[in-house]
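Accompanying notes for the structure given below.
Every number here is computed from the coordinates shown, using simple stated rules; none is lab data. All figures in this text were calculated on a predicted structure; none of them were measured in a lab. All Cβ positions, glycine included, derive from the backbone under ideal geometry; neighbour counts span all protein chains shown.
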Amino acid sequence: MGPARPVATPSSIPADELYTNRELSWLGFNRRVLAEARRKAYPLLERLRFLSISGSNLDEFVMIRVAGLAGQMQRGISKTSIDGRTPSQQLSAIRKAIRDLERQQQAVWRELRALLGDAGIHVADEDRLDPESRAWLKDYFERHVLPVLTPQAIDPAHPFPFVANQGMGLLFNLTRLVDKQRVVEMILIPSALPRFVRLPGEDAHYIPVERLIVRYANLVFPGFRIEGDGVFRVIRDSDIEVEEEAEDLVRLFRSAIQRRRRGQVIMLELDAEFDPEAEALLREQLGLENAMVIKTDGIIGVEGLADVVDEDRPDLKFDPYSPRYPERIMEHDGDCFAAISEKDIVIHHPYESFEVVVDFVRQAAKDPDVVAIKQTLYRAGKQSAIINALIAAAEAGKSVTAVVELKARFDEEQNILWASQLERAGVQVIYGFVDWKTHAKVSMVVRREGDEYRTYCHFGTGNYHPITARIYTDLSYFTADPRLTRDAARLFNFVTGYVEPRKTEGLVISPIAMRDTIYANIDREIANQRNGRPSGIWAKINSLTDRGIIDKLYEASAAGVPIRLVVRGICCLKVGIPGVSDTIEVKSIIGRFLEHSRIWAFANGYRLPSPRARVFISSADAMSRNLDRRVEVMVPIRNRTVHDQILEQVLVANLLDTEQSWLLKPDGEYERAVPGEKPFNLHRYFMTNPSLSGRGQALAEDQIPRLALRRGARS
């Protein structure tokens, strides 16, 4: 055992020096997303995609997080954040950061717009239009836009129209020519209209629909002189509160979705040239007492630029990537059950196809020996092969249970639709707990094999969603291990019948035992370090906000345990605090794919990476909501091959990456990692070496390059 280390107890350090504010950390993450739009190594339309993503991210943040703080302030709630700020103090700092982020977005947009023009894609550049294009544009407006517009006068006889969440509109200050009367008119832009109108031709010309309406406003208002105009966009409170005593969850959510569209205004975006009289009227009518108002000299609603990203210019996008179908399944002629029966399998999405997860359920639906299927559904998308397979299974007479989570934010409406379709097909649909979200990703198939029944399970770190599976990095773990499959049955009984398992044989379930399990594993590392044995903690998660987990990691660091964390988004933990967190390293990885898998690795008395390390995959992040208010799973990886693949390939690659990584500094800011003489890009590595699915022999034969960390003081 080494010399005793001086320990500064966290309680002796001010909260703002010990923790980073959750909301400001998220805004820092979105700045890192926006920074990808400046990367000259990326194709131009991919850079535009990152700008658009930063806009849609910010919209959701305002609708949920800023709205929540505004609501707390209005209700007089003074509960402080992890760093000791009141809701009003947080809002003040957030608004300043949002304004700064919006200025950065517009600066990036100006840069990209010029580069796009050089590449033959012209956006909001009407000066380049020739007479033929102008004639086409006017004809398009008259035939496709004008008929769906509804101008509305703003006066005592016409109530101020309701502006929907994320709705965009225009106000016109007009003079009626016959009597010189001043009139204010509003046009709300119908959501059915395209955000950008593309003119025909080889060179791409995109005109924002709001600019098109302003250009031909004289056709909307004949007999008026246009004195001024302005474009605006509204962001409303979109959170849904669930009443714990609700008698009918479906009915509650249907009404809540309607209320969401009418939530209070949280942010108003205006163009910089907005007519002053019209602006004063708009501010008065929308009731902006606690709302944030942003004026921009660029484009309003940068998330809409995703439409331009769809331009058919493969030369300006990443080279297409087609995930490989797992070889282990193909070796068994596509028979998922035969492959899983032989040995556990891990699939690494999106490098390996999500289709294998769909095929697992499809095969179960068609297999006459399958008697039951149980499935959790958090997000499944609008076109879901999983849903179709469950319906087919029920129609084939199998016992099918689907746990549909109605509280999946912004997917509530789609999930209500899926639930009704499943019920019509004979699926037993369960909505889980009223006050807890069921966020676990589990599929369970019971199959008759001879005189016995055998259960097969899929545990995932991501959703059963075919679109996100192409861009989110996630792990799918298939097993027929009786200990885990029995636990899966206990999990479903817990959700469907509230039968809390007294104990499990491997699976860790929140909110029952996950927090205690993580604490116990950290305590084991502390004990090993103090007893002179090797110790270490590696984790890959999306967010780290839970104070209990952070304090336990601080305790481990104070004891000398080396800790390496890959935290993509929010991180409230601070590094480099003497005696508290000086053995902790944190990095965030942003790139072509969205890092989404959750993995924990504990050294367990051996030097990481080690075959004897304790490794878990999970559906949960290190957030209080995941540990205390959600049904989640944490799966121990006991199969040696799968263990090595997750630890020595996936985790090690994340730690080795230098091209997509940002390093957390003691001041809470991030800086890009220096690629160095031997740069490593984990996305490129897995795209060129995509098949990890159970290929123990292939790994042994070095058909997949082995990764190794450079040994150092903290490895």
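The figures follow:
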{"read-out": "Cβ-placed point charges (K, R +1; D, E -1), dipole of the chain about Cα centre in debye, nearest 20", "value": "1900"}
{"read-out": "Segment D628-A192, extension gain: residue separation times 0.36 nm, minus the distance between their alpha carbons", "value": "152.9 nm"}
{"read-out": "Phi to ³J(HN,Hα) by Karplus 6.51 cos²θ - 1.76 cosθ + 1.60 over segment 433-445, Hz, x for Gly, Pro", "value": "7, 5, 9, 10, 7, 8, 9, 4, 10, 9, 10, 10, 10"}
{"read-out": "Antiparallel bridges, percent of DSSP beta bridges restricted to segment 509-700 (to nearest 5)", "value": "65"}
{"read-out": "Distance (nanometres) between label positions extended 7 Å along Cα→Cβ at E227 and D100", "value": "4.0"}
{"read-out": "Segment E449-R547, length gained on full extension (0.36 nm per residue, minus Cα span)", "value": "30.5 nm"}
{"read-out": "Simple spin-label estimate for T175 and N290 in nanometres, 7 Å along Cα-Cβ", "value": "4.2"}
{"read-out": "FRET efficiency, A41 to R470 (Cβ-Cβ, R0 30 Å, nearest 0.05)", "value": "0.85"}
{"read-out": "Relative contact order (%) - criterion: Cα under 8 Å, at least six apart; region: the chain", "value": "12"}
{"read-out": "Modelled FRET efficiency - R0 25 Å, Y498 with S420, Cβ distances, 0.05 increments", "value": "0.60"}
{"read-out": "Relative contact order %, segment 447-538, counting alpha carbon pairs below 8 Å whose residues are six or more apart", "value": "17"}
{"read-out": "Among (1) 310; (2) 211; (3) 180, the entry that matches volume of the Cα convex hull per residue in Å³ as calculated here", "value": "(3)"}
{"read-out": "For segment 509-700: span of alpha carbons on each principal axis (Å, largest first)", "value": "39, 38, 37"}
{"read-out": "Percent antiparallel among DSSP beta bridges (both partners in the chain, rounded to 5)", "value": "70"}
{"read-out": "Principal axis dimensions, segment 519-599 - Cα atoms, whole angstrom, descending", "value": "43, 22, 18"}
{"read-out": "Over 21 Å between alpha carbons, listed pairs K96/K540; K40/K317; K587/K665; K552/K574", "value": "K96/K540"}
{"read-out": "Label-point separation in nm, E277 to R533, each point 7 Å along Cα→Cβ", "value": "8.0"}
{"read-out": "Length-normalised contact order for segment 10-124 - Cα pairs under 8 Å, 6+ apart - percent", "value": "32"}
{"read-out": "DSSP-defined beta bridges in segment 327-503 - what % are antiparallel, rounded to 5", "value": "70"}
{"read-out": "Estimated 222 nm signal from helices in the chain, with DSSP H stretches of n ≥ 4 weighted -39500 (n - 2.57), rounded to 500", "value": "-10000 deg cm²/dmol"}
{"read-out": "Cα radius of gyration and Dmax for segment 10-124 (Å)", "value": "17.6, 60"}
